[in-house]
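Data block below; observations after.
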């Protein structure tokens, strides 16, 4: 039986139209991008197997082309569609940052940074560059590391500050372990960078650590 043979109320597309996208399960939502099945399997069957294999939607989205296309015979076109959907969501979140004062809307900042960084299976150290009214200028992933650390070079960060003419920055990195608690090394690095930035009259507004479903803000924790 194919999905088109199912009762209309159970088909992902019809369910979205009648109940809204939030009513769909992860597998049903993914099936809308997979669209077609293979012999003996519907798009929903494939979606469930993908979720079982990768563990979550975010790990599917973060998969490399090679990892994705090895799975269940899926091809380049499906990978491109899913990556395009991810980028569409990223740009919507970025628009929120560009339209508002970021420092007064920390939830927008947290949502954007979480979306950008939480999928990586290794540490990524990044920076939001802001103008003198704390409005968004640019986001950049500066350093990529291993599963438990990323080597950070403050000189490169300062070079980027000058390149983007930033007056303030928000640092961010992910913890692939899922635990967003800052390490002693995180705290030392933050203070080192803050000292350097202060010397060139640039404000460090926050350092945000992205975990699995959790976020730690240095500013909110009084760690700056």
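Figures for the structure shown
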read-out	value
Hydrodynamic radius of the chain per Kirkwood, over alpha carbon pairs, in Å	19.4 Å
Tilt relative to the chain, helix 154-163 - C-alpha long axis, 0 to 90 degrees, to 10	80 degrees
Percentage relative contact order, the range 100-217, counting C-alpha pairs under 8 Å, at least six apart	27 percent
MRE, 222 nm, helices only [DSSP H, n ≥ 4, -39500 (n - 2.57), over the chain, to nearest 500]	-14000 deg cm²/dmol
The chain: angle of helix 76-99 to the longest principal axis, Cα-based, in degrees nearest 10	40 degrees
Ascending count of other beta-carbon atoms within 10 Å, so fewest first, for 68, 143	143, 68
Protection-proxy order for peptides 161-169, 123-131, each taking the mean of Cβ atoms within 10 Å per residue, highest first	123-131, 161-169
Beta bridge orientation in the chain: antiparallel %, DSSP, nearest 5	70 percent
Overall form of the range 100-217 per C-alpha gyration tensor (a/c, 1.5; a/b vs b/c)	oblate
Taking the chain and dividing mean pair separation by its residue count, relative contact order in percent (alpha carbons under 8 Å, at least six apart)	13 percent
Gyration tensor (alpha-carbon) shape descriptor, the range 12-87, a/c threshold 1.5	prolate
Relative contact order (percent, whole number), the range 174-224, Cα cutoff 8 Å, 6+ residue spacing	46 percent
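The numbers here are math on the coordinates, done by the rules we state, and not lab data. Here the structure is a predicted model, which is why all the values come from computation and not from measurement. Cβ coordinates were reconstructed from backbone atoms using ideal geometry, including for glycine residues, and neighbour counts include every protein chain displayed.
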